[in-house]
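The values are calculated or read from the model by the stated rules, or taken from the named source; none is laboratory data. Worth saying up front: this structure is predicted, and the values here are computed from it rather than measured. Virtual Cβ from ideal backbone geometry, glycine too; neighbours counted across all protein chains shown.
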Amino acid sequence: MPLTLPPIVEPLTRTHERADFDCGLPELNDYLRSQATQDARRSVSRVYVARASGSSAVLGYYTLSATSFSRKSLPEKEAKRLPHYPIPAALLGRLAVDRSCQGHQLGKFLLFDAFHRVLHAAETLAVYALVVDAKNNDALTFYQHYGFLGFADTPSRLFIPMETLRMMDP
Ligand SMILES: CC(C)(COP(=O)(O)OP(=O)(O)OC[C@H]1O[C@@H](n2cnc3c(N)ncnc32)[C@H](O)[C@@H]1OP(=O)(O)O)[C@@H](O)C(=O)NCCC(=O)NCCS
């Protein structure tokens with residue numbers, strides 16, 4: 001049954017039901033089922049899940065962690081404004097929506113939830129950009145739709161400067 005927005009978005013805990021989660025990509029399903037809790041516990045990733053009020057079933061999730069990149073990996077126009085040492089960034093490593101909810105704006109809702117969290121974190125810790133890894137061409141198009149730009153050296157990796165997010169005021 002499609003979700004009525006807005007969903008509840010909160011950090012993943014053991015009480016969330018994940019066994020039936022299916023976004024269509026086994027790698028992203030398996031991560032949620034087998035790896036996500038451990039990653040969150042070890043603070044190597046923050047995992048946020050969406051659920052409907054009154055249910056513990058996960059309908060979508062995303063992960064955030066810290067990363068950095070070299071200015072050499074950026075397009076020339078962006079690179080020339082940046083220093084030669086590693087550029088701090090946030091990584092949206094995974095974003096997935098259960099098939100039952102795809103096409104009903106939950107992916108967009110989760111992406112904007114991530115934008116808010118990263119903007120908030122960037123008030124305390126310098127973050128130049130939000131980086132995403134697109135698992136396939138569909139994901140690439142989805143992110144480009146929201147203004148993400150491609151890295152010069154890794155076509156499946158995209159970024160959006162925090163400056164752009166601030167101007168969007170998501
Ligand atoms: C990609 C994914 C997260 C999108 O979530 P969703 O809930 O289906 O997407 P939404 O309904 O929120 O779509 C929001 C917008 O993105 C657009 N969009 C959605 N999927 C798209 C796609 N594959 N290509 C281009 N645009 C897309 C929609 O048209 C919509 O545009 P609008 O706001 O102008 O109307 C979801 O389909 C998914 O989990 N796919 C499998 C896993 C995956 O590929 N994850 C990607 C990151 S690794």
Show me the helices (runs of 4 or more DSSP H) found entirely inside region 31-133 where at least 3 residues are closer than 27 Å to Glu163 by Cβ and either among the basic types (Lys, Arg) or within 13 Å of the ligand (Cβ to nearest atom) (or both). 106-121
Residue count, region 87-111 (criterion: surrounded by fewer than 14 Cβ atoms within 10 Å (Cβ to Cβ) and either touching a Cys at 6+ places or on another chain (Cβ under 8 Å) or hydrophobic (A, V, I, L, M, F, W, C) (or both)): 1
Selection from region 1-54 of residues that are within 17 Å of the chain's Cα centre (by Cα) and aliphatic (A, V, I, L, M): Ile8, Val9, Leu12, Leu25, Leu28, Leu32, Ala36, Ala40, Val44, Val47, Val49, Ala50
Of the conditions (1) surrounded by fewer than 16 Cβ atoms within 10 Å (Cβ to Cβ); (2) within 24 Å of Tyr143 (Cα to Cα), Arg42 satisfies every one except a single condition; which number is it? (2)
Do we find a residue being more than 22 Å from Ala122 (Cβ to Cβ) and either buried (at least 19 other Cβ atoms within 10 Å of the Cβ) or touching a strand residue (DSSP E or B) at 6+ places or on another chain (Cβ under 9 Å) (or both) anywhere in region 69-86? no
Would you point out the residue of region 134-156, among those that are within 11 Å of the ligand (Cβ to nearest atom) and surrounded by fewer than 17 Cβ atoms within 10 Å (Cβ to Cβ), that is nearest to Gln105 (Cα to Cα)? His145
Does region 36-48 contain at least one residue that is β-branched (Val, Ile, Thr), more than 15 Å from Leu110 (Cα to Cα) and modelled with pLDDT of 95 or more? yes
